[in-house]
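> Pasting a structure here, questions to come.
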Amino acid sequence: MPPSLLVPLIVGCALFMENMDATVLATALPALARDLNQDPITLKLALTAYVAALGVFIPVSGWMADKLGARTIFRSAMLVFMGGSILCALSNSLFTFVAARFLQGIGGAMMVPVGRVIIARSVTKAELVKAVSYLTLPALVGPVVGPPLGGFITTYFHWRWIFLINIPFCMLGLYLAGRFIENFVEPDAAPLDVKGFILTSVGAALIMLGLSLFGGHLVPQSVPILMCVIGAIALAMYWRHAARVPHPLLDFRLLKIPTLHASVMGGSLFRIGLGAVPFLLPLALQEGLGMTAFEAGTITCASAFGSLFMRLIATSVLRRYGFRTTLMVNAVFAGFALAAYGIFSAHTPYLLIAAIVLMGGVFPALQFTCLNSIAYADIDSRDAGRVTSLASVIQQLSLGMGVTIAGLVLQASNYIQGHATIVEADFWPAFVVIGLFSIASVPVSGKLPRNAGLELTRGHAG
């Protein structure tokens, strides 16, 4: 089996585990919140704790892969993720659950980004789009299986069991990686930027956790404000620091490359919108429309079927229309598809809801394939680690921002309309806002040259 197929499928085991875990958890959030005696919106803290861990440890993932070997870090990260999953299943309070999710995030921080480094160094540029498409195939099975499986387990058994299903997939990934993936080491790896690591860790973690605490009742509201201020100061200090050192932890100078800039900055706006969906949609179906977790799961997984279809034809679309046109036009379609979730009500037919959710998977899948591929269009393979670290940090923080923004809009909508609990009418403003974020990425993509990423679409079939 050629590396362009085998390596992405192996790395896809990690993506499968991570994506299934996220979709299963999102479906189970209302039941989990009741079991932990918390408001469902408060459980966004569990989602953002995971993203905060990504923001802390993704920056060093590229350096660790270069220094210690990509395969070594990849397999170690899978073990850490599995350990965090087990602790999630054993949690009995919000604090212990959030801490276990943070541990899971440490594993995820190095598992998926290092997997992308492995792919970038294992295949040629001409094979990269095809390799990314193969990578997403096993990853897409997670969102297909996750929602109905999580809903079934939550409805008929107990939410704790949903975290234990990661274990066999982790074991399979460990075996395949050990046997078939080369342990890439960069002999001239730059020294670790320790000061940069401290500043980015403090900044990313405090801002993400601080934003997730806004509007809640866990701590006085002065606490999240202070956390965000300190986090912003730390990131501002890092920005100055990064401009002065030769090998910064996150090298923002790489964003001068037009294709990488479009992937990271335009992609971040798009991901803010899409990052809210796994949190907001299951909550709307269960708390707003009164569905069981299993019923909500069977609808949520429709988006994964849409994603699977689009990823199979993504290369053909890119060859015909190019990256620039595809990114601009598709972002508008994706924004309208996500905003359309806001029309759901208790009177909306089940099949219509499923059809709209299906389309909400088609357009974002094409956008993700474009964004993830074009990031590597104009870089050397030796820079893959630095590019992956920079892109992954900003992308993951954007996904976490989506959860936070959706939660804040939902809380504001609930408060303004004067509802005692979350009801159906509270959700539509949040879906409109996340749709607008996707459309906001169009001007950034419009700055790309018309022939951007041309080398990536040459010489292979869809």
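> Could you give me the residue pairs with C-beta distances under 6 Å whose first residue belongs to region 286-314 and is in the same structural domain as THR23 (by TED's automatic domain parsing) and within 25 Å of GLN367 (Cα to Cα), whose second residue is among the small types (Gly, Ala, Ser) and not in a helix (DSSP H, G or I) wherever it lies, and which are 6+ apart or on separate chains?
Short answer, once both residue conditions are applied: ILE313/GLY462.
> Just checking, which of LEU397, LEU327, LEU338 is of a type outside the set (Val, Ile, Thr), touching a Phe, Trp or Tyr at 6+ places or on another chain (Cβ under 7 Å) and under 22 Å from ALA440 (Cα atoms)?
Numbers: LEU397 fails: touching a Phe, Trp or Tyr at 6+ places or on another chain (Cβ under 7 Å); LEU327 fails: touching a Phe, Trp or Tyr at 6+ places or on another chain (Cβ under 7 Å).
Every option except LEU338 fails the conditions.
> Return the total of residues in region 321-354 being within 25 Å of TRP428 (Cα to Cα) and in a helix (DSSP H, G or I).
So the first thing to find is which residues in region 321-354 are within 25 Å of TRP428 (Cα to Cα), and the list is 328-354.
Next cut, in a helix (DSSP H, G or I) only: 328-343, 350-354.
So the count comes out to 21.
> Turning to a different aspect of this structure: Just checking, which of THR23, THR42, THR27, THR48 is out of contact with any Lys or Arg (no Cβ under 7 Å at 6 or more places or on another chain), assigned to a helix (DSSP H, G or I), surrounded by fewer than 24 Cβ atoms within 10 Å (Cβ to Cβ) and of a type in the set (S, T, N, Q)? Write out each step before concluding.
Numbers: THR23 fails: surrounded by fewer than 24 Cβ atoms within 10 Å (Cβ to Cβ); THR27 fails: surrounded by fewer than 24 Cβ atoms within 10 Å (Cβ to Cβ); THR48 fails: surrounded by fewer than 24 Cβ atoms within 10 Å (Cβ to Cβ).
When all the criteria are applied, what remains is THR42.
> Please verify whether LEU281 is closer than 15 Å to PHE427 by Cα, surrounded by fewer than 24 Cβ atoms within 10 Å (Cβ to Cβ) and in contact (Cβ under 8 Å) with a residue 60 or more places away in the chain, treating the condition exactly as stated.
Values: closer than 15 Å to PHE427 by Cα: yes; surrounded by fewer than 24 Cβ atoms within 10 Å (Cβ to Cβ): no; in contact (Cβ under 8 Å) with a residue 60 or more places away in the chain: yes.
Against the criterion (closer than 15 Å to PHE427 by Cα, surrounded by fewer than 24 Cβ atoms within 10 Å (Cβ to Cβ) and in contact (Cβ under 8 Å) with a residue 60 or more places away in the chain), LEU281 does not qualify.
> Among (1) within 28 Å of ALA65 (Cβ to Cβ); (2) hydrophobic (A, V, I, L, M, F, W, C); (3) not in a helix (DSSP H, G or I), which single condition is VAL403 missing?
(3)
> Considering every residue within region 377-393, establish whether at least one is among the aliphatic types (A, V, I, L, M), farther than 30 Å from ALA205 by Cβ and in the same structural domain as SER441 (by TED's automatic domain parsing).
Let us first name the residues in region 377-393 that are among the aliphatic types (A, V, I, L, M), namely 377, 379, 384, 387, 390-391, 393.
With the extra rule that they be farther than 30 Å from ALA205 by Cβ, the set shrinks to 377.
Restricting the remaining residues to those that are in the same structural domain as SER441 (by TED's automatic domain parsing) gives 377.
Checked region 377-393: at least one residue is among the aliphatic types (A, V, I, L, M), farther than 30 Å from ALA205 by Cβ and in the same structural domain as SER441 (by TED's automatic domain parsing).
> When the residues of region 300-320 are filtered to those that are touching a Pro at 6+ places or on another chain (Cβ under 8 Å) and assigned to a helix (DSSP H, G or I), which remaining residue is nearest to TYR156 (Cα to Cα)?
Here is the first cut: in region 300-320, the ones touching a Pro at 6+ places or on another chain (Cβ under 8 Å) are 300-301, 303-304, 307.
Restricting the remaining residues to those that are assigned to a helix (DSSP H, G or I) gives 300, 303-304, 307.
Values: THR300: 18, SER303: 24, ALA304: 23, SER307: 28 Å.
Only one residue fits best here, namely THR300.
The values are calculated or read from the model by the stated rules, or taken from the named source; none is laboratory data. Because the structure is predicted, anything quoted here is derived from the model rather than measured. Backbone-built Cβ (ideal geometry, glycine too); neighbour counts: all protein chains shown.
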